[in-house]
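The values are calculated or read from the model by the stated rules, or taken from the named source; none is laboratory data. Quick caveat: nothing in here was measured; it's all calculated off a predicted structure. Here the Cβ is made from the backbone with ideal geometry for all residues, glycine too, and neighbour counts use every protein chain on show. Calculation scope for accessible area: heavy atoms of the full protein, side chains included, ligands and nucleic acids excluded. Shrake-Rupley method; radii C 1.70, N 1.55, O 1.52, S 1.80 Å.
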Amino acid sequence: MKILYFSDTFLPKIDGVAISMRNFAEALAERGHEFLICCPRYGEGDFDTMGDHIRLERFRSGYLPSYPDIKVVLPSPSKIKRAIKEFQPDLVHIHTPGLMGVYGINATEKYGIPSIGTYHTLMSEQDMYLSFYRLLKLDKLFMRIGKLNKKIKIKDLVKFEKFDKFNIRKKIILKITNNLYDRCDLIISPSHLIKKQLEEFGLKKPVAVISNGLDLSQFKGSPKTLSESPKLLHVGRISYEKNCDVIINSFKLIIEKIPSATLTIIGDGPALASLKVQAQKLGIDQAITFTGFIDRAELPNHYPNYDLFLTASTMETQGLVILESVACGLPTVGVDSFAIPELVHDGVNGFIAKPFDVRDIAEKTVRILEDPTMYASFSKESLKISQSHEMKACVDRMEEVYKSVADQKNKKKKRSILNTIFSLDPFGIMG
């Protein structure tokens, strides 16, 4: 088969979507399938091929002002038309609901190509990038407090972490996103919990559950025992929606109970500078290590060196770093939001805390770290839970889905206003 990917993010930018796309494309390419990936142009670090069966078509793009790491891909209908004409895809796979995803789904309708869309990201939970309050809350807070040259307490920060309810901004984003996915022939969800959520959101197209998967020959561990000086870990993109500030506030309470504990935060992103100031103002910066970016190829060597994984993210459709930590035998404390309980089984391999509840996260972490028997049991269960996410089984399932959707031959073509607009580039000046 020939599969055409559309995505608003891809390598060399590292995130869960890019990693999932790469893993499936490389595994299926080894089985003889061909891929063309339409994605943003980044500049330094760009590449155009990944082996003999994977080619990339990069598109000019700009930056989202409130989040420079998010690319806004400029329309290029002539380039998309040329790519489709030359590649002749059997199937189009939409990986993001941004502009690249919109261009992709419009192309499938215009040319009558079967389509699949993976719900990698809950876009409605990224609405803070349309909100100056959420985007700037930490920076403004620490700029103000920094002038006072004094330490702060947890109670000074908790009021800034109130969970923004399902507001009108979220509803608008959700409606736009769901309209795009409902134009696909099939939707893929990385977890059963997200499938349920999508059906409750009103998606009408069938939803297949396929885990993003993990190569358990790389990410592996053995049953762990409790350390006297526990080392806590958080890994991932250090962006505002991941709520790393909540983890740091919880850690302040954790070391009051277990002074020998340390916290390592692996990753880079726009919130990193604010987190470092936060740790300093809380007086716990000596117990926290910010490693910055670590190459993904090195991560399997890092997880086994830690004792427990922490996450406060409220927007995971699966949570690749959580899966990686679980596969390495780490007990985990996460929050009750979307797909996290599918990897963190409450009372089995860790605990589920209330979202944004600093004290609840801290208390449940301390509970694990003060009970060697519980800790050892949780570690063994983490290893068991990871087994159902073995990459080969996930690739088998994806291949089956691709074949079933691609068999929908002679799909009816659609003409729409958007398709007409995106065709108005006769000289290719937008390519």
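Summing +1 for each Lys or Arg and -1 for each Asp or Glu among the other residues whose beta-carbon sits under 14 angstrom from that of residue 222 gives +2. The simple spin-label model puts a point 7 Å past each Cα toward its Cβ; for residue 200 and residue 176 those points are separated by 2.4 nm.
FRET efficiency for the residue 408 to residue 88 pair, using the beta carbon distance and R₀ = 22 Å, is estimated at 0.90. Accessible-area rank, largest first, for 47, 351: 47, 351, with all protein chains present and a 1.4 angstrom probe. Reducing the stretch 1-80 and the stretch 271-287 to their Cα centroids gives an inter-centroid distance of 35 Å.
Beyond 22 Å in Cα-Cα separation lie the following of the pairs 220/380; 224/364; 81/204; 252/354; 257/354; 276/354: 81/204; 276/354.
Computed with a 1.4 Å probe over protein heavy atoms only, the accessible area of residue 244 comes to about 0 Å².
Other residues with beta-carbon under 11 Å from the beta-carbon of residue 309 carry, at +1 per Lys or Arg and -1 per Asp or Glu, a net charge of -1.
Accessible surface ranking for 42, 5, 1.4 angstrom probe, highest first: 42, 5.
Note on residue 60 and residue 2: with the Förster distance fixed at 35 Å, the Cβ-Cβ geometry gives a FRET efficiency of about 0.90. With one equal scatterer per alpha carbon and no solvent term, the Debye-computed log10 I(q)/I(0) for the stretch 231-388 at 0.08, 0.11, 0.17 1/Å reads -0.19, -0.36, -0.94. Taking all protein chains as they are arranged and a probe of 1.4 Å, the heavy atoms of residue 199 leave approximately 100 Å² accessible to solvent. Between the listed residues 258, 330, 302, the Cα displaced farthest toward the positive end of the dipole of the stretch 231-388, a dipole computed from Cβ unit charges relative to the Cα centre, is found at 258.
Highest average first, the peptides 254-260, 305-311, 342-348 ordered by how many other beta carbon atoms sit within 10 Å of their residues are 305-311, 342-348, 254-260. Residues 241, 298, ordered by accessible area of protein heavy atoms at a 1.4 angstrom probe radius and largest first, appear as 298, 241. Assuming charge only on the beta carbon of Lys and Arg (+1) and of Asp and Glu (-1), the dipole of the stretch 231-388 about its Cα centre is about 220 debye to the nearest 20.
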